[in-house]
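Let me begin by presenting the structure, written as structure tokens, before commenting on it.
Throughout, read-outs are computed from the coordinates displayed, never taken from laboratory work. Since the structure is predicted, the reported quantities are computational estimates derived from the model, not experimental observations. Here the Cβ positions follow ideal geometry from the backbone for every residue, glycine too, while neighbour counts run over all protein chains shown.
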Amino acid sequence: MSATPDLQSIVTHAVERYGGHAANLMQMLRAVQAQAGCLPGEAVDELARRLGLPRVRVESTASFYHFFHDKPHGAYEILFSDNIVDHMAGKQELMQYLCEQLWVEPGKLSEDGLVYVESTSDVGMGDQGPAALINGYALPALSKSRIDLIAELIRDRKALADWPPMLFEVADNVRRAGPLLGEALEPGAALRHALELGADKLLAELDASNLRGRGGAGYKTAAKWASCRRAKGENHYVVCNGDEGEPGTFKDRVLLQNHADLVFEGMTVAALAIGATRGLVYLRGEYLYLLDKLESVLSRRREAGLLGLGILGRKGFDFDIEIHLGAGAYICGEESALIESLEGKPGKPRNRPPYPDTSGYLNQPTIVNNVETYACAAKIAERGGAWFAALGTPQSAGTKLFSVSGDVKRPGVYEYPFGVTVRQVLADCGALNPQAVQVGGPSGTCVSWKEFDRRVAFEDVPTAGAFMVFSRERDMFEVARNFAHFFAHESCGFCTPCRVGTSLLKRIMDKLAAGKGSAYDMDQMKSLMKIQLTMSHCGLGHTAANPVVQTMEKFPDAYEHRLKALAFEPAFDLDGALQTARLITGRDDDWAHIVREEQ
Ligand SMILES: Cc1cc2nc3c(=O)[nH]c(=O)nc-3n(C[C@H](O)[C@H](O)[C@H](O)COP(=O)(O)O)c2cc1C
Ligand code: SF4
């Protein structure tokens, strides 16, 4: 079927805007949806035709990402952040209140076709929740009075551009600054020094700094860059991982919001080190509100000769950066899934090896690093490797940004040298009667009150940045259940142990929450978790069971008091599922039941 003239011109415009390159399919889909309100089958047909791609290729990308939809979501789509800290701040009540105000049910378009309200995974505003997205733009610090105002603006059908700006103001909440957040870099200063050193000495400085990646795994940055530099290819690429999807993490948001020069300078230093001419920032869709500001920083840097051809007058040093937006998929933070997404495909992790440093974006040598890693690299180029190595601990050099949220008086971003104790951070942020801290997000480590003297560093408790605090009033089972729901929602579905395992784990946790769990379910969860841990294809599956494993071990009471049923009860109410059939056939005899209840 061919698209209507309007849809045709929308698709034409999107294809032209992104150079007709199939690798830009994600950006084209975003542009078409923004104009057409959704991605109907005709738009998929037309995109496939215009790009010369099989329809299934476009369809699989369009259906993979949570933010794409084939039916309209109305003039106002509101997605409430579903992280546990948003729940603790009253997310569920506020969402319900908004739905009542607007006469809409979650997950269904309102009868007048005006509004759609639903939950989404964490939107990166844990320090100012509950938060939501409206048509992709962040609405932080929601309260009942703000919801009243939002409902009124929607009922009046006011365009978002005319809404009070204070509704969209995202605070930085920097509470403790060190060299990254507190000492401004003069744009170009690191790059000038890097040019004086040249690529080899620059890599030697990076090596001496002992910088390890800030995205979680802690791989040594100099080793990654050196290997990429050695790899043969037509082009080399510098990719910045700005997906920041781990619930409870928001420090990259702050770096990009107010220290973008530092990050872009780090990427440009990397380009010099590995011999790249093109850089790509993968910005999570939830940070759409940052896009214009980031583009203007890039323009300013081009005008200042810090990007483009012959950077800082050095002939042959050509490099530029473009920004690609994601569309709501946590798995795209995994580096090979991220590269797939940058190539316009569903974000499914690749088989590795080969690793991106030899075969990454468009199968060319590519480095993928976290936003904060590039910020550190810029500082190292400016101040030298020895300066950086002197900060932190022997195996964890430098400072680390923490995203602190939950039961604390002062949520926000804190910069500490690696090696700080959990207890120190709790004291500084004004933790309220803390029982546990989830360090590094759901895939990280649950640190109980007995372990608060542990140190945050690769030697002890590693972290990508999240630091979620739970007071003694919180139910750690509910925390783990929220995380189990998150992983089941975000599993990409590529491999069975993770797809089925995360879904079963979620269902058993729900069964326990409903008071129907037994010791048998606990054993079943333990076997499931072992399978997930050992047989999954990527890091998501390997870590998805962590919150349940760790809370079971550290807070056994939170589980045991729920085990009301001594014998096994099925996780699904099979008999209940037959009720409709019984009503239709008018039967209610013993044979129409799976198990007849004791009279
Ligand atoms: C499921 C999953 C999600 C991830 N999400 C992110 C992310 O949001 N940001 C990030 O920098 N790294 C993330 N990573 C780690 C990346 O795969 C990769 O290791 C990292 O970007 C490398 O950068 P670094 O060496 O600077 O840490 C994730 C890994 C997994 C398995
Ligand atoms: S482990 Fe999960 S997220 Fe990773 S590839 Fe398998 S299904 Fe996808």
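Filter the trypsin sites (Lys or Arg not before Pro) in segment 445-487 to those in DSSP coil with at most 14 other Cβ atoms within 10 Å of their Cβ, and list the result. Don't skip to the end; give the middle numbers.
Numbers: sites: Lys450, Arg454, Arg455, Arg472, Arg474, Arg481; in loops: Arg454, Arg472, Arg474.
Answer by residue number: Arg472.
For the chain, the normalised intensity computed at q = 0.10, 0.11 Å⁻¹ comes to -0.92, -1.11 (log10 of I(q)/I(0), Debye sum over alpha carbons, equal scatterers, no solvent). Determine which lysines satisfy two conditions relative to Lys108: a Cα distance under 17 Å, and not lying fewer than 8 residues away in the same chain. By straight Cα distance, Lys108 reaches Lys71.
Given +1 at the Cβ of Lys and Arg, -1 at the Cβ of Asp and Glu and no other charges, the dipole of segment 1-158 around its Cα centre is 460 debye to the nearest 20. The value of relative contact order for the chain, using C-alpha pairs under 8 Å at least six residues apart, is 13 percent.
Ranking Cys332, Val117, Gly430 by Cα position along the charge dipole of the chain, where only Lys, Arg, Asp and Glu carry charges on their C-beta atoms, puts Cys332 farthest toward the positive end.
When the listed pairs Lys506/Lys526; Lys379/Lys400; Lys511/Lys564; Lys400/Lys554; Lys526/Lys554; Lys450/Lys554 are checked against a 20 Å cut-off, the alpha-carbon distance exceeds it for Lys400/Lys554. Here Val15, Val174, Val408 are placed in order of increasing Cβ neighbour count within 10 Å, fewest first, which gives Val174, Val15, Val408.
Applying the Karplus relation 6.51 cos²θ - 1.76 cosθ + 1.60 with θ = phi - 60° to segment 68-83 yields 3J(HN,Hα) values of 9, 9, 8, 10, x, 10, x, 6, 10, 10, 10, 10, 8, 5, 10, 5 Hz, where x marks Gly and Pro. The sum of -39500 (n - 2.57) across all DSSP H runs of n ≥ 4, divided by the residue count of the chain, sets its helix-only mean residue ellipticity at 222 nm to -12500 deg cm²/dmol. Dividing the mean sequence gap of close Cα pairs (under 8 Å, 6+ apart) by how many residues segment 201-337 holds gives a relative contact order of 24 percent. Put a plus charge on the Cβ of each Lys and Arg, a minus charge on the Cβ of each Asp and Glu, and nothing anywhere else: the dipole of the chain about its Cα centre is then about 1580 debye.
Taking trypsin sites (Lys or Arg not before Pro) across segment 287-363, the ones in a DSSP loop with at most 14 further Cβ atoms lying within 10 angstrom of their Cβ are Arg314, Lys315.
Of all aspartates and glutamates in the structure, those lying under 15 Å Cα to Cα from Lys158, and not within fewer than 8 positions of it along the same chain, are Glu77, Asp148.
Applying the Karplus relation 6.51 cos²θ - 1.76 cosθ + 1.60 with θ = phi - 60° to segment 345-355 yields 3J(HN,Hα) values of 10, x, x, 9, x, 7, 6, 10, x, x, 8 Hz, where x marks Gly and Pro.
Label separation (Asp200 vs Glu93): 6.6 nm, computed from points 7 Å beyond Cα along the C-beta direction.
In units of the compact-protein estimate 2.2 N^0.38 Å, segment 290-374 shows a Cα radius of gyration of 1.27.
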